[in-house]
Amino acid sequence: MPAVSAAACCAAATPANEVVEDLFGFLRVLSDGTILRSPAEPVFCPTTFPTSHPSVQWKEAVYDKARNLRVRMYKPATSADGDAAENKLPVLVHFHGGGFCLGSCTWGNVHAFCLRLAADAGAVVLSAGYRLAPEHRLPAAFDDGASFMRWLREQAVNAEAEADAWLTEAADFGRVFVTGDSAGGTIAHHLAVRAGSATAEPGETTADPVTVRGHVLMMPFFGGVRRTPSEAGCPAEAFPNLDLVDRFWRLSLPPGATRDHPASNPFGPDSPDLGSVDLRPVLVVAGGLDLIRDRTVDYAERLAAMGKTVELAEFAGKAHGFYLHEPGSEATGELIQAVVRFVDGCVAATEAAA
């Protein structure tokens with residue numbers, strides 16, 4: 001679909017060329033397929049969010065030059081004493097949310113959350129961007145997530161040469177966790193399924209330079225044709241509400257696909273059988289007031305019934321993405337500590353089994 005700047009918006013949206021989809025004015029699709037995007041951040045990314053943290057350094061890099069995809073990297077200060085290997089930190093790869101249509105690793109709410117995540121978790125956080133729909137419909141975002149993981153492996157392999165020393169001096173590539181918020185949680189799910197379904201090529205013996213220990217799905221953006229009770233009972237004034245998530249799916253799924261498509265419904269009729277997938281441990285985060293709450297809990301319960309290693313952390317009274325709207329809150333701190341316990345538990349279990 002052709003895309004034009006927001007400056008052309010008023011001229012383009014004539015009666016003969018009507019707006020057929022509108023997401024807060026930040027993304028509008030016209031009847032001829034033209035896509036209008038505003039460069040501004042939305043009102044739910046207030047400038048009052050912190051842009052720095054006294055104990056966290058951050059910088060940006062391009063991980064896919066052809067598509068100009070960026071990663072914002074965060075690392076907490078570490079002690080210069082002792083062995084360098086002992087000072088290395090676990091790595092949390094993070095994918096932002098936005099219904100696959102909105103969002104950026106540079107948005108203020110995502111940045112503020114990642115600053116605190118790096119500081120409180122004592123981890124290197126890699127907040128990776130990806131292509132957005134409807135210009136790039138699914139599975140583009142999943143493919144970009146896989147592309148980022150390839151970039152990360154290149155950093156690990158070239159740690160002594162061409163890699164970014166700022167990253168490699170702090171990152172323990174043997175303790176990597178893939179995390180994501182909302183749509184980013186869906187990306188994390190699909191990366192977990194791809195990794196757990198992969199088979200080695202004949203004669204392949206090379207060890208993976210990056211060891212993914214687990215996945216963290218924060219209120220993953222799942223869908224389905226059948227409405228769940230939390231969806232059906234969602235008030236119109238909620239954010240997000242049912243109308244908004246339906247628009248996200250219309251704009252992000254392949255043309256003609258329903259919400260039971262494998263990209264949106266992990267248990268749809270054409271989705272892979274997760275029972276046969278070698279999944280790493282998964283931490284699933286749900287919000288009691290989230291309209292996707294029932295799908296999130298069902299996902300965790302079904303994985304557990306399949307014998308997968310899964311933990312469910314539910315935050316009663318919390319809405320979808322609360323940690324982005326209140327990154328400095330006590331509840332966000334509790335969420336991060338749940339991630340820390342999960343990371344520590346996965347590492348301890350692996351070491352005990354060795």
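The values are calculated or read from the model by the stated rules, or taken from the named source; none is laboratory data. Everything numeric in this text was worked out from a predicted model, so none of it was measured. Because the Cβ atoms are built from the backbone with ideal geometry, glycine has one as well, and the counts that use them run over all protein chains shown. What goes into the accessible areas is simple: the full protein's heavy atoms, side chains included, and nothing from ligands, DNA or RNA. Shrake-Rupley method; radii C 1.70, N 1.55, O 1.52, S 1.80 Å.
See the values below:
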{"read-out": "Answer residue from segment 121-136, given it is of a type outside the set (F, W, Y) and touching a helix residue (DSSP H, G or I) at 6+ places or on another chain (Cβ under 6 Å) and is nearest to A66 (Cα to Cα) among those", "value": "R131"}
{"read-out": "Any hit, segment 269-282, residues being at pLDDT 95 or above, open to solvent by 60 Å² or more (accessible area, probe 1.4 Å) and within 14 Å of M219 (Cα to Cα)", "value": "no"}
{"read-out": "Output for segment 287-301, where each listed residue is open to solvent by 80 Å² or more (accessible area, probe 1.4 Å) and in contact (Cβ under 8 Å) with a residue 12 or more places away in the chain", "value": "L289"}
{"read-out": "Residue ID - nearest to P134 (Cα to Cα), chosen from residues in segment 215-247 that are open to solvent by 20 Å² or more (accessible area, probe 1.4 Å) and in a helix (DSSP H, G or I)", "value": "R247"}
{"read-out": "Selection from segment 96-142 of residues that are of a type in the set (D, E, K, R) and farther than 18 Å from F177 by Cα", "value": "R131, E135, R137"}
{"read-out": "Helices (runs of 4 or more DSSP H) wholly inside segment 100-177 containing at least 1 residues that are open to solvent by 50 Å² or more (accessible area, probe 1.4 Å) and within 25 Å of G223 (Cα to Cα)", "value": "140-157"}
{"read-out": "Within segment 302-354, tally of residues that are in a loop (DSSP other than H, G, I, E, B), open to solvent by 80 Å² or more (accessible area, probe 1.4 Å) and of a type in the set (A, V, I, L, M, F, W, C)", "value": "2"}
{"read-out": "Hey, L191 crowded, with 16+ Cβ neighbours inside 10 Å, touching a Leu at 6+ places or on another chain (Cβ under 8 Å) and either among the aromatic types (F, W, Y) or under 28 Å from W107 (Cβ atoms) (or both) or not", "value": "no"}
